[in-house]
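Have a look at the structure below before the remarks.
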Number of protein chains: 2
Amino acid sequence: MTGIVLGIDLGGSKLALALGTSEGRVLARSRRPTEPSGDALRDIARIVESARALLAEAGTRAAELDVVGISVPGLADTASGRVLDPPNLPGWRDVPVAAELRAALGCPVRMENDANAAALAEWRFGAAVGCRNAVYLTMSTGVGAGIVLDGKLYRGQLGHAGELGHVPVEWGGERCACGQQGCLEAYVGGRSLTARLRESVPPPSLVAKLAGGREHVTPEHLLAAAREGDAFAMEELARFNHYLARGIVMLAFSLAPEVVVLGTIAAAAGEALCLGPVRERVRENVWPRIARAMRIESAALGEELPYRAALCAALEGELVEAAER
Amino acid sequence: MTGIVLGIDLGGSKLALALGTSEGRVLARSRRPTEPSGDALRDIARIVESARALLAEAGTRAAELDVVGISVPGLADTASGRVLDPPNLPGWRDVPVAAELRAALGCPVRMENDANAAALAEWRFGAAVGCRNAVYLTMSTGVGAGIVLDGKLYRGQLGHAGELGHVPVEWGGERCACGQQGCLEAYVGGRSLTARLRESVPPPSLVAKLAGGREHVTPEHLLAAAREGDAFAMEELARFNHYLARGIVMLAFSLAPEVVVLGTIAAAAGEALCLGPVRERVRENVWPRIARAMRIESAALGEELPYRAALCAALEGELVEAAER
């Protein structure tokens, strides 16, 4: 055991790699666009290339690694090391990524769902340090949750826990990419929000102007316009906060966590535009005794998150025992 | 250590006591109406009387007990052994019941919320035996949940987890006894259901006839009329199942338990009137992969439940360290 591990954070748009220690210190890192090719095996070969490049740069041999960890999007069968059907990786359907990595790099592989890996990172190194019960909400393209309970990651049956993006926040509401209606993700997920904005932004509005045309609008333009006090942007953000608060109300009554940590869009929006209003709405809809015991915080790791999440997948992800190609 | 424990299940209407072994075997039991007097200390004195009577009957001295456990309704501060504000025990507000029991019986006291104690009982001895992740839904006067995750009771921050009766199933919906709107309990709790039936049962209906007047209607009459195929009763039950399924959908996406165990009213209604229709509605609203991995079952302990729950409070409840009167 050398105490050196390699973590891989595989996202639909970005691939982040971190070489680190068993205490979670980052020794070397790299990042590039994922650029999925539509062929999972070709994508994995490119991931392995990136891993070898990072190892070479750090003067480390693959044989020195204790373990390789990979954080993967969407539902995964971590026992057999397979990615099942990630929404943002075309061609990745039931792919034995753990077995491929083990064959290429010659070391044990751990695997974790991306929301779980990010939750572990915020819990070990970020906004939830020292908390016994913490929920991390990813709020990027999709919405997922990583749940730490009694000081341990909770994965649920077959690793399915934490699909909080698909808890209904409006019964019979908007159609979600997953096929269900009224999911939290359909209201606060980056993909849904972007689609909605491109459709509904008034062409002469500040949001459209900042984006250089409504067809280029992203949630970032919404936040920038809201900071200028733009009425349309403020209204859209109020809607975002309203539904986000509904999701947190359900968490409060079911899990009563010590802290709910909000990622990406909410973190970018910050206190005045998101966290403050969300806290207020949650307080209005949760018993005072429970609300008082639960903090709602912004993610703290920022640009560090993918590297720390990658390391957490390597250090605390599920060890893939039955990896078969 | 004699391996002998005493468990007390304190409910708003019934008090059940069980003398048992550390393996959970019931050696002697007793049951009587709680008949709250409005004065908590007087009620506790009567509980102690009942305990002494059971011990005398079994030929056991209080000094021989390893521990006394009590299962209590509503929010409790188990660290200090206080019952906070149970909805069905008038006069019980911030009552140091653990300290009183310890003073009277001279042994350590463990304490558990009633939904947690019932969940432990169904998990150790009933419908959830052998399950790693199980949620038990009490469905009597109110609605609460006991949550076992990764083979351990999950209590949440300050013991507040599992208030599933107050997860909103209809945003802005019916007013709940707790003050919030649209809570699961406002639709499927025994108290709400009874109130609704007494108000809405058509006077000439079978439900009213079975009850001998609509002012006497209880959920049991609803079930009896539904078994006869009464249209009003079937419609009311469909509504009950509809909202119950919504609560379970949220559990599925957030916790992905292996089994959800339904108590009291659902258990009394049984397969055809409740469990079957609820399973179907849940399947329609949850991803197939998650729905397939989650069973929905009726509680298995029936009349045994209060005694087993009492013993579970004694065996696995929180040890009250700081009991002060």
Exercise for the section: With a Förster radius of 35 Å, plug the Cβ-Cβ distance of A:Asn88 and A:Arg61 into 1/(1 + (r/R0)^6) and report the FRET value to the nearest 0.05. Expected result: 0.60
Exercise for the section: Determine the relative contact order of chain A: mean sequence separation of Cα pairs under 8 Å and six or more apart, normalised by residue count, in whole percent. Expected result: 23
Problem - Spin-label zone in region A:222-244 - amide nitrogen under 16 Å from a point set 7 Å from the Cα of A:Arg198 along the C-beta vector - result: A:222
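Would you mind calculating the relative contact order of region B:127-300 from Cα pairs under 8 angstrom and at least 6 residues apart, reporting the percent as a whole number?
23
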Fill in the blank from the handout: Within region A:1-66, DSSP-loop GluC sites (Glu not before Pro) with at most 15 other C-beta atoms within 10 Å are A:Glu23
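To the nearest whole number, what is the average tally of beta carbon atoms from other chains within 10 Å of the beta carbons of peptide B:108-120? Can you show the working numbers first?
Values: counts 0, 0, 0, 0, 0, 0, 0, 0, 0, 0, 0, 0, 0.
Counting Cβ atoms of other protein chains within 10 Å of each residue's Cβ and averaging gives 0.
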Handout entry: Distance between region A:221-262 and region B:38-113 - C-alpha centres, whole angstrom
Key = 44
Handout entry: Using a 7 Å Cα-to-Cβ projection, A:Asp66 label spacings across copies, nm, ascending
Key = 3.8
Practice task
Pick out, in residue order, every one of the GluC sites (Glu not before Pro) in region A:154-211 that is DSSP loop and has at most 16 other C-beta atoms within 10 Å; say none if there are none.
Solution key: A:Glu170, A:Glu174
Exercise for the section: Sticking with the crude label model, points 7 Å out along Cα→Cβ, report the distance from B:Ser22 to A:Glu23 in nm, one decimal please. Expected result: 4.1
Problem - Distance in nm between pseudo-label sites at A:Ala300 and B:Cys178 (7 Å out along the Cβ direction from Cα) - result: 3.0
Exercise for the section: Work out the count of Lys pairs in the protein assembly as shown where the Cα-Cα distance is under 30 Å, with the pair 8 or more places apart or on different chains. Expected result: 5
Practice task
List every DSSP H helix in chain A whose Cα atoms extend 18 Å or more along the helix's own long axis and whose mean Kyte-Doolittle hydropathy is at least -0.5.
Solution key: A:40-58, A:231-255
Handout entry: Dipole of region B:127-300, positive direction: furthest Cα of B:Pro203, B:Leu244, B:Thr218, with charges on the beta-carbon
Key = B:Leu244
Handout entry: Dipole moment magnitude, nearest 20 debye, chain B about Cα centre, only Lys, Arg, Asp, Glu C-beta charged
Key = 280
Handout entry: Selection of GluC sites (Glu not before Pro), region B:240-325, meeting DSSP coil and at most 13 other Cβ within 10 Å
Key = B:Glu321, B:Glu324
Practice task
Work out the length of the dipole vector of region A:127-300 about its Cα centre, built from +1 on the beta-carbon of each Lys and Arg and -1 on the beta-carbon of each Asp and Glu, and round it to the nearest 20 debye.
Solution key: 340
Problem - Residue-span extension gain [A:Glu228 to A:Ser30] - 0.36 nm each, minus C-alpha spacing - result: 67.8 nm
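Where a ≥ b ≥ c are the square roots of the eigenvalues of the C-alpha gyration tensor, would you call region B:163-288 rounded, which needs a/c under 1.5, or, failing that, prolate if a/b is larger than b/c, or oblate?
Note, shape of region B:163-288 comes out oblate.
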Practice task
Quick one: with label points 7 Å out along Cα→Cβ, list the inter-copy distances for B:Arg42 in nm, shortest first?
Solution key: 8.3
Problem - Inter-chain shielding of B:242-253 (mean C-beta neighbours from other protein chains, 10 Å cut-off) - result: 4
Practice task
Counting other beta carbons within 10 Å of each Cβ, put A:Met1, A:Met294 in order, fewest first.
Solution key: A:Met1, A:Met294
Completion exercise
Honestly chain B on the Cα gyration tensor test (a ≥ b ≥ c root eigenvalues; a/c under 1.5 rounded, otherwise a/b vs b/c for prolate or oblate) is just prolate
Exercise for the section: With a cut-off of 14 Å, note down the residues of region A:14-40 whose backbone N falls inside the zone around a label point 7 Å from the Cα of A:Met1 toward its beta carbon. Expected result: A:21-24
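Can you give the FRET efficiency for A:Ala79 and A:Cys107, using 1/(1 + (r/R0)^6), R0 = 22 Å, r = Cβ-Cβ distance, to the nearest 0.05?
0.75
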Practice task
Assuming R0 = 51 Å, can you tell me the calculated FRET efficiency for the pair B:Arg325 and A:Ala268, based on Cβ-Cβ distance, to the nearest 0.05?
Solution key: 0.45
Fill in the blank from the handout: Mean other chain Cβ within 10 Å across B:305-314 is 0
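Only the coordinates and a few stated rules stand behind these numbers; no lab work does. This structure is a prediction, so every number in the text was calculated from the model and none was measured. Here the Cβ is made from the backbone with ideal geometry for all residues, glycine too, and neighbour counts use every protein chain on show.
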